[in-house]
There are 2 protein chains.
Amino acid sequence: MRISELARRSGVPVGTVKYYLREGLLPAGEPTAATQAQYGEDHVARLALIRALLGTGGLSISTARAVLAAVDDPALSPHDMIGAAHSALPTMAENERPDLSTAQAHLRRWEWQVHEDSPAVSSLAQGLLALQAAGFDTTDQMLDRYARAAHELGEQDVAEVPMDSPAEAVRYVVIGTLLLEPVLLALRRLAHEDVSARRLST
Amino acid sequence: MRISELARRSGVPVGTVKYYLREGLLPAGEPTAATQAQYGEDHVARLALIRALLGTGGLSISTARAVLAAVDDPALSPHDMIGAAHSALPTMAENERPDLSTAQAHLRRWEWQVHEDSPAVSSLAQGLLALQAAGFDTTDQMLDRYARAAHELGEQDVAEVPMDSPAEAVRYVVIGTLLLEPVLLALRRLAHEDVSARRLST
């Protein structure tokens, strides 16, 4: 199909498609003339992935390029690929370098196999420090049950990643990680309300 | 103690303490002279709560005032009090009025007792719409396990709320709800990494 048809099929303006081509996010089409090229179904799928990364995923062009490079690298194992997608996600940590020791001690206690430079370790450390600063006592017991809940979700999440297509896998991980987060937080608040309604109302 | 001692004990400048007095967040002390008053341990505790609400809780002065009014209302049941604290929390929803029908259908399916105007219902609706817009299929099965995990956490969270002091209860709910959220999200991402390391690496 021509670029105009690709744009129509994808719901993206032609100018934006050309921008993605220039930025190297979308591979070039098959040239048919000096100023024309043919595009295929791969391009339609790729455009959907690009839109998901930049739009709902909230990634910058350069971060999206890094994620797509990981998708395109045939030498990466599925785990490396998901890791590359994961590390490209925006993180919650505001500070540059929080003290990681408490977070790392918990992770060792749970025997979780995570990279010590993983951005989520910083996020966890930051979160624990904020609780401490607010005078909120987090017991090991409390963190253990949060870790257990998160791990049960994580286990099922990873089992559901579609492994037949690398592009689909990365899309699933990025979108699923980012966009299920607000859902999880809303559900926790609603659960508080439900439990409190059942237990505490008089 | 004098206001200077109260300020020192609380680690808050005298000018800030006076500001909280003027804004009605902190009750006046016992007058001892035309320009002097005595403050007690209640004031120290109250200042810690105010700091937690405004600082880590990220609440505005007027929202904090509403939360504190709930704390101070002896007629509120514990459930109402927690509800007041909860509804004062900042929400994640950006849009004004998302379509709530899908979110409400799920909540009915789970038989959760939540108020249909609860801000977290909007947040849930918003989250589900974003997933749909990104072409991410959320099955009932997937949402059910997220709801189950959230409910298990919520049940234990509510059980741990200290019910002997209203001020402590509200402080616990506000701080615990707000500041455990980034911890939960970081743990979920780390769980993904752990599970993926165990299952997918070759």
Sorted shortest first, the nm distances from the A:Glu116 label point (7 Å along Cα→Cβ) to its counterparts in the other copies are 5.5
Whole-number value, in Å³ per residue, for the convex hull of the alpha carbons of region A:143-202 is 88 Å³
Output row for A:Tyr19: copy-to-copy label distances, label 7 Å along Cα→C-beta, ascending, in nanometres, one decimal, is 4.1
Computed over chain B, the relative contact order (Cα-Cα under 8 Å, seq sep at least six) in percent reads 20 percent
Proxy exposure order for B:Met142, A:Met163 (fewest C-beta within 10 Å first) is A:Met163, B:Met142
Averaged over the residues of A:133-143, the number of partner chain Cβ atoms within 10 Å of each residue's own Cβ comes to 5
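B:Ile61 to A:Glu23: FRET efficiency via 1/(1 + (r/R0)^6), r the Cβ-Cβ distance, R0 35 Å, to the nearest 0.05?
Working: r = 45 Å, r/R0 = 1.28.
Given R0 = 35 Å and the Cβ-Cβ separation, E is 0.20.
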Between B:Asp117 and A:Asp73, the FRET efficiency computed from the C-beta separation at R0 = 60 Å comes out, to the nearest 0.05, as 0.75
Per the rotation taking chain A to chain B, min distance Cβ-to-axis on chain A (residue, whole Å) equals A:Ala149, 2
For the protein assembly as shown, one quarter of the surface area of the C-alpha convex hull, expressed in nm², comes to 23.5 nm²
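Using Cβ counts within 10 Å as a stand-in for footprinting exposure, how do A:Ser10, B:Ser123 rank, fewest first? Present the calculation step by step, with values, prior to reporting the outcome.
Values: A:Ser10 20, B:Ser123 23.
Result, fewest neighbours first: A:Ser10, B:Ser123.
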Mean 1/r over distinct Cα pairs of chain A, inverted to a Kirkwood Rh in Å, yields 19.8 Å
Under the 7 Å Cα-to-Cβ spin-label approximation, B:Glu30 and B:Ser165 lie apart by a distance in nanometres of 1.9 nm
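Only the coordinates and a few stated rules stand behind these numbers; no lab work does. Source: prediction; values computed, not measured. Cβ sites come from the backbone with ideal geometry, for glycine too, and all protein chains shown count toward neighbours.
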